[in-house]
Structures are given as C-alpha cells and as structure tokens.
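A short write-up of the structure that comes next.
All of the numbers you see were taken from the coordinates with simple rules; none came from a lab. The structure displayed is predicted, hence computed values, not measured ones. We place every Cβ from the backbone using ideal geometry, glycine too, and count neighbours over all the protein chains shown.
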Amino acid sequence: MITIQLTKLESALDQVRKSYPKLKPADAALVTSALTLAGRHAEAIYDERHYTWPEDYEELTRAMVGQLEMVNDGIETTKKVVKNAPEEEPVTVSVGLAPNVKAGEKFLGERNDLKTLMSDILQSGVEYSYAGTDIGWQWALDRANWSTISGQELSRRIKIKASFTEGAVGSEVGAAGPKKRPSKKAAPAPAATEAAVEEPAAE
C-alpha cells in the first residue's frame with residue numbers, strides 16, 4: 001500500500017518512485033500529482049450518493065440539514081432533561097470520502113498509460129495522510145454556516161467529520177500525531193488546493 005502525504009508532495013513522490021523504480025521521473029511526478037488531486041478533491045459520500053467538491057456544495061449541505069436538525073434536537077432535549085449538566089463531548093456527523101478518479105484522470109490528459117497506472121495503484125491500496133485543511137470537502141463543511149442553511153440555530157457541539165470509506169484509507173495528522181481513520185466511516189481543502197498541486201520537479 002502506497003502512502004500519499006497530501007501535505008508533502010515530495011514524500012508522496014518518493015513512495016511512487018520506490019514502488020515503481022522503472023517509471024521515468026517525469027511520469028512518476030505526473031502520477032503522484034494525479035493521486036494527490038484525487039485525494040484533495042475526494043468525492044463526498046452521503047446517503048449513498050456521491051458529491052463533487054466544490055460543484056455540489058449547496059446540494060450536499062441541503063441534503064445534510066435534516067440529519068443535523070435531528071442531532072440538534074437530541075442535544076437540546078438532553079440539556080432540558082439534565083439541567084446544569086457539564087459541557088459534553090462534540091456530536092460527530094460522518095461523511096464518507098472516495099478518491100476523485102476523474103480529477104486525477106483529467107490532470108493526466110491523454111496519458112492513458114498513466115491513467116491505467118493510477119487506477120492500478122488505487123486498486124492495490126492507497127493510504128492518504130493529511131491535515132484537516134487538505135481535503136476540499138472537510139475544509140468546506142467546517143466553514144459552512146449551518147444555522148443559515150437550516151434556518152435555525154444549531155449547537156456548536158455538532159462536528160462534521162469526513163473520512164475515506166471507499167477506494168482508499170486515510171490518516172489525519174494532527175498536533176498529537178497521525179490518527180488512523182477507519183476504512184468504513186465518514187472532510188475539505190482550501191480553494192487554493194488546485195494551485196497547491198503542482199507537478200513535482202523531475203529529478
């Protein structure tokens with residue numbers, strides 16, 4: 001399994017070159033960039049539907065409102081029943097992620113040989129290592145104004161966490177070090193994501 005570090009493209013390139021030593025340096029750089037784009041622009045999976053970032057932002061947030069309101073009602077009910085209760089842990093709402101293969105293929109253009117290689121790498125297993133702002137959907141959902149979207153005030157205890165559930169596994173790197181993400185549970189990156197994914201210099 002190849003580890004693709006979204007915050008360190010050079011480390012991801014090293015992984016690809018070690019796994020495919022016969023690959024030309026320039027081609028290894030292209031494949032690495034494509035895999036990185038597929039991770040940064042990962043598709044969100046919610047209620048068995050796939051959503052592309054950022055095009056489907058409004059559609060996904062609208063789809064999530066019902067669940068968020070139910071969670072919020074549960075929090076408010078608990079507060080009324082247990083008066084003066086200490087602040088509890090955040091309530092997490094999960095969103096799945098899957099590598100955006102189309103984004104990677106688009107980057108590779110007409111290089112069908114590299115598209116096939118990228119597909120083979122993903123099928124063999126990829127672990128994405130990332131910070132919270134590296135994934136487009138996590139970044140966007142963290143900054144959504146849910147109270148405005150839902151039309152009511154929602155508890156700040158509600159946290160939305162996106163994690164890879166299909167096509168790859170993921171580990172989020174935080175202050176306390178990497179945290180493994182389960183391969184079957186359910187986040188977005190800054191708008192500058194695409195600009196950050198540049199072709200590594202060939203060695």
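Given a Förster distance of 25 angstrom, what is the FRET efficiency for N145 paired with E89, based on the Cβ-Cβ distance and rounded to 0.05? Mind dumping the intermediate values first?
On the way: r = 23 Å, r/R0 = 0.92.
Working from the Cβ atoms, E equals 0.60.
Between E55 and T77, what is 0.36 nm times their sequence separation minus the Cα-Cα distance? Round to one decimal in nm. Show your work: numbers first, answer last.
Working: separation 22, 0.36 × 22 = 7.92 nm, distance 3.54 nm.
Extra length from E55 to T77 when fully extended: 4.4 nm.
FRET efficiency for E110 and E153, Cβ-Cβ distance as r, R0 = 35 Å, nearest 0.05?
For R0 = 35 Å, the calculated efficiency reads 0.10.
In the stretch 1-101, which trypsin sites (Lys or Arg not before Pro) are in a loop and have at most 16 other Cβ atoms within 10 Å, using DSSP for the loop call? Please report the intermediate quantities before stating the final value.
Working: sites: K8, R17, K18, K22, R40, R49, R62, K79, K80, K83; in loops: K8, K22, K83.
Counting only loop positions with at most 16 other Cβ atoms within 10 Å, the trypsin sites (Lys or Arg not before Pro) in the stretch 1-101 are K8, K22, K83.
For the pairs K102/K161; K102/K159; K24/K115, note any where the Cα-Cα span goes beyond 25 Å. Working shown, then result.
Numbers: K102/K161 23 Å; K102/K159 29 Å; K24/K115 15 Å.
Long pairs (Cα-Cα over 25 Å): K102/K159.
Within a 10 angstrom radius of the beta carbon, how do E59, E69 rank from fewest other beta carbons to most?
So the ranking, lowest neighbour count to highest, is E59, E69.
Pop a pseudo-label 7 angstrom from the Cα along the beta-carbon direction at both K18 and R62 and give the gap in nm to one decimal.
If labels sit at K18 and R62, their model points lie 4.7 nm apart.
Tell me, in nm to one decimal, what length is gained between S11 and D47 on full extension, where the rule is 0.36 nm per residue of separation less the Cα-Cα distance?
Working: separation 36, 0.36 × 36 = 12.96 nm, distance 3.43 nm.
Going from the current span to full extension adds 9.5 nm.
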